[in-house]
Structures are given as structure tokens and as C-alpha cells.
């Protein structure tokens, strides 16, 4: 693919109702792509679809729980039947879960794994037969900076994103010789609502509420969704296997490569890692 080749391409994006997903949808709409958008949140999805149509794109919009395998399979078949062949699938939908591994309950971990990991598996496998039959197309999966480094207080989240990375890198080895492009995206801090909608077992140090967490994340997140989308689409156009988004992600990924066993100690000295808070969240702070 080249950037110009996004025109008239049929692109599928999950988690398109906000954040990076919305920015990707609108960037592709500006470039003349046809879009199949999904999200579990209908209000945000409708806003994205309306904005993309205003830009001239042909848009299909569907509510989708990416953790539901049967629903995803049915969705993929409907998208394939509804339009021209699918050229690009971006498995973007994701959620966050904060807390030490010892304190996070199994139900929350299963919820997280269902969306962040199984959502990527479902989206990849649902469209793979269609693409393999044609011998062309691309699948791009959203991992994270935390799919490259571990981070205390984010263990379950890191586990899902490391899993996405391993799944995607292996998938690339298996299907790229058959004509497909497979990319894995590792964003650093991007100004989205993921922190504000996180589930929380224990708050990070210095935070009295989830609102504090969201404000802190917003202060350190240096990349906008539009900037992230531009980097991701440029990487796809160049068929890059790994797309690292943001100066923070690039710096910390290099640090991990230089000090694979010692980067955590360095991050502690820099004050990036520290003790967890003794406070648990008040009330129900879980995102949908």
C-alpha cells in the first residue's frame, strides 16, 4: 500500500467511536477510503460515522462487542457481503485496568483479556480467510508501549498487550509469504479517554480518584489522536511490521532493547516507577 492507495480501499476499524479509532476513521475518510466502523458505544460511533460521511466517505457503522466471537464472525460476514473486498482491518478496540496483579480479580482480568486480546484474535481470524483467498490485504493490531515494557500497577494490561504483540508477530511470519501485510502498533501516551474509563483495583500513587488518574495521564500524554493516526497510516503505507507511536514510546522501547533486564531499575531511578497508592477507588469506577 501507499498513502494514495487508501482511496477506494475498504477499511474496517474497531473501537472507532473515540480516540485513535475515530482519528483513523476520519483520516481514511479524507483520503477517500470506504469504512466499516464499529464500537460498543453507539453515541460515539454515530458521531464518528457522521463526521466521516461529511468528509465524503461511504460508511457502515455497527455496534460490536469485540470479545464476542460469534458476534464478530457474523459482523465480518456481513461486512464482506455488504461491500467490496476488505483491504484493511485495524483491530483498535481496547480498554485499561489499573492495579497490582495480586489485587486484581479474575473477572476484571477476564474482561480485559476478552477485549484487548481476544478482540484482536477475533478480528484477525474473522477476516483472514477472505484476505488469504484473495492473496492481498492488511491486518493491523493495536498493542501498546506496554507491549514492549512491563510497568508496575499495569500487569494485566501489559499481559494483554504483550499477547497482542506475540500473536501479531507470529501471524506475520505465517501469512506475509502469502501476500498479506501484518502490522503491530505500539502507542505511547496518546490523549484519549482510555484512562478515564479504566477499571481500577488500586489507584496509582498520588491519585485520590480515577479523575486524578485521567488528569495525570492527560498531562503526560504528548501525542494527539490525529498525530497517532497519521503515524499509523504512514507506517501501513510503508508496510512497516512495527509502528511505534510517540517520542515516549520510542525512547522507552530503545531503553528496553539496551537494558532488557535492567530497564525497570532505571525507570525507578527516573521516578517513572514507584510505590502504589494504599487507596482503593470509591464507588464503581469501571468503564464499559
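The values are calculated or read from the model by the stated rules, or taken from the named source; none is laboratory data. Predicted model, so just to flag it, every value in this text is computed and none were measured. So basically every Cβ, Gly included, is an ideal-geometry build from the backbone, and we count neighbours across all protein chains shown.
Points worth noting:
- If you check 156, 177 for being over 17 Å from the mean Cα position of the chain (by Cα) and either part of a helix (DSSP H, G or I) or buried (at least 19 other Cβ atoms within 10 Å of the Cβ) (or both), only one passes: 177.
- Odd one out for residue 145, checked against (1) over 14 Å from the mean Cα position of the chain (by Cα); (2) at negative phi; (3) in contact (Cβ under 8 Å) with a residue 40 or more places away in the chain: (1)
- Residue in the range 124-140 that is at pLDDT below 95, closer than 17 Å to residue 188 by Cα and in contact with a strand residue (DSSP E or B) (Cβ under 6 Å, 6 or more places away or on another chain) present: no
- Residue 39 vs. criteria buried (at least 21 other Cβ atoms within 10 Å of the Cβ) and modelled with pLDDT of 95 or more: yes
- Scanning the range 59-105 for residues that are modelled with pLDDT under 95, over 28 Å from residue 153 (Cα atoms) and surrounded by 14 or more Cβ atoms within 10 Å (Cβ to Cβ) yields one hit, 83.
- Tally, over the range 123-153, of residues that are assigned to a loop (DSSP other than H, G, I, E, B) and under 27 Å from residue 80 (Cβ atoms): 4
- The number of residues in the range 148-190 that are free of Cβ contacts under 8 Å to residues at least 24 places away in the same chain, closer than 14 Å to residue 121 by Cα and in contact with a helix residue (DSSP H, G or I) (Cβ under 8 Å, 6 or more places away or on another chain) comes to 2.
- Subset of the range 97-130 (residues that are out of contact with any helix residue (DSSP H, G or I) (no Cβ under 8 Å at 6 or more places or on another chain) and under 17 Å from residue 181 (Cα atoms)): 125, 129
- Selection from the range 247-263 of residues that are assigned to a helix (DSSP H, G or I) and surrounded by fewer than 17 Cβ atoms within 10 Å (Cβ to Cβ): 247, 250, 251, 254, 257, 258
- Here is the figure for the range 106-122: residues that are part of a helix (DSSP H, G or I), closer than 15 Å to residue 93 by Cβ and free of Cβ contacts under 8 Å to residues at least 60 places away in the same chain total 8.
- Number of the exception - residue 244 against (1) surrounded by 18 or more Cβ atoms within 10 Å (Cβ to Cβ); (2) in a helix (DSSP H, G or I); (3) modelled with pLDDT of 60 or more: (2)
- Filter result for residue 230 (closer than 17 Å to residue 89 by Cα, out of contact with any strand residue (DSSP E or B) (no Cβ under 7 Å at 6 or more places or on another chain) and either modelled with pLDDT of 95 or more or assigned to a helix (DSSP H, G or I) (or both)): yes
- Some residue of the range 198-211 being surrounded by fewer than 18 Cβ atoms within 10 Å (Cβ to Cβ), at pLDDT 90 or above and assigned to a helix (DSSP H, G or I): no
- Some residue of the range 264-276 being modelled with pLDDT of 85 or more, in a helix (DSSP H, G or I) and touching a helix residue (DSSP H, G or I) at 6+ places or on another chain (Cβ under 7 Å): no
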